[in-house]
Amino acid sequence: MRRGLTKEKTVALVNTIREKVPGIAIRTTLISGYPGEKEKDHEELLKFVEQSKFERLGVFTYSHEENTHAHKLVDDVPADVKQQRADEVMALQQNISFANNEKLVGRTLKVLVDRKEGNYFIGRTEFDSPEVDNEVLMDATKSYLRRGDFTNIKITKTEEFDLYGVVV
């Protein structure tokens, strides 16, 4: 995609960031099925994701867009293969995310309250983008929170992509 970075430079950058900023959450987005992508490329991507253990990761399938460099390339990866590869990346990330989330149990995090759904207030930490990353669910029957407010939440349990907590 003409980013000018190699895998080695990217790994080194991620490692440097983690060394210099303890506790940082690194987020990235990946494409599956880029023109010319072979199975060996996909396997290398899986190894990269496993090695990097990103705190937040999203993946989407390549779509042939006009006015992009890639539009000149042949869109040669079948749609079902693109989706299968994206699903494999997210299955791997699901385990990584769960392990990362488990490390948060017992910690108190600053959470921005976004909305209320049913019996839960739903918010996000400073590490999370709205609508794409982890959410923090807080029991609405135990405390009242206002949309747009920041509140300190002690994480009590986790799932692959969600956290549960109580107001402290």
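None of the figures in this text is laboratory data; all of them are computed from the coordinates on show. Just so it is clear, the structure is predicted and the values come from calculations on it, not from any experiment. Cβ: placed from backbone, ideal geometry, glycine included. Neighbour counts: every protein chain shown.
What length, rounded to one decimal in nm, is gained on full extension from D139 through to E65, with 0.36 nm per residue of separation minus their alpha-carbon distance? Don't jump to the answer; show the numbers that get you there.
Details: separation 74, 0.36 × 74 = 26.64 nm, distance 4.29 nm.
Once the chain is fully extended between D139 and E65, it gains 22.4 nm.
Taking segment 79-168, which trypsin sites (Lys or Arg not before Pro) meet the DSSP loop condition and have no more than 14 other C-beta atoms within 10 Å?
Values: sites: K82, R85, K103, R107, K110, R115, K116, R124, K142, R146, R147, K154, K157; in loops: K103, R107, K142, R146, R147.
Counting only loop positions with at most 14 other Cβ atoms within 10 Å, the trypsin sites (Lys or Arg not before Pro) in segment 79-168 are K103, R107, K142, R146, R147.
Would you mind finding the longest exposed-site-free stretch of the chain, with exposed GluC sites (Glu not before Pro) meaning DSSP loop and at most 16 other Cβ atoms within 10 Å?
Longest run free of exposed loop sites: 1-64.
For a label point 7 angstrom out from the Cα of V132 toward its Cβ, which stretches of segment 2-41 have the backbone nitrogen within less than 11 Å?
Output list for this probe position: 27-31.
State the label only: which of (i) 1.81; (ii) 1.18; (iii) 1.04 corresponds to Rg/Rh (Cα atoms, Kirkwood Rh) computed from the shown model?
From the options (i) 1.81; (ii) 1.18; (iii) 1.04, the structure gives (iii).
Can you tell me the length gained on complete extension of the stretch Q84 to A12, counting 0.36 nm per residue apart and subtracting the Cα distance?
23.0 nm
State the Cα centre-to-centre distance between segment 23-55 and segment 120-168 in whole Å.
Measuring centre to centre over Cα atoms gives 28 Å.
Would you mind calculating the relative contact order of segment 108-167 from Cα pairs under 8 angstrom and at least 6 residues apart, reporting the percent as a whole number? Don't skip to the end; give the middle numbers.
Numbers: 127 pairs, mean separation 21.8, N = 60.
Contact order relative to length: 36 percent.
For a label point 7 Å from the Cα of E160 along Cα→C-beta, name the residues of segment 94-121 whose backbone N is under 20 Å from it.
It comes to 94-105, nothing else.
Rounded to the nearest 0.05, what FRET efficiency is calculated for R146 and R27 with R0 set to 25 Å and r the Cβ-Cβ distance?
0.40
Name the most mobile residue of L13, L92, L137, meaning the one with the largest mean-square fluctuation, in a Gaussian network model of the chain with Cα contacts below 10 Å.
L13
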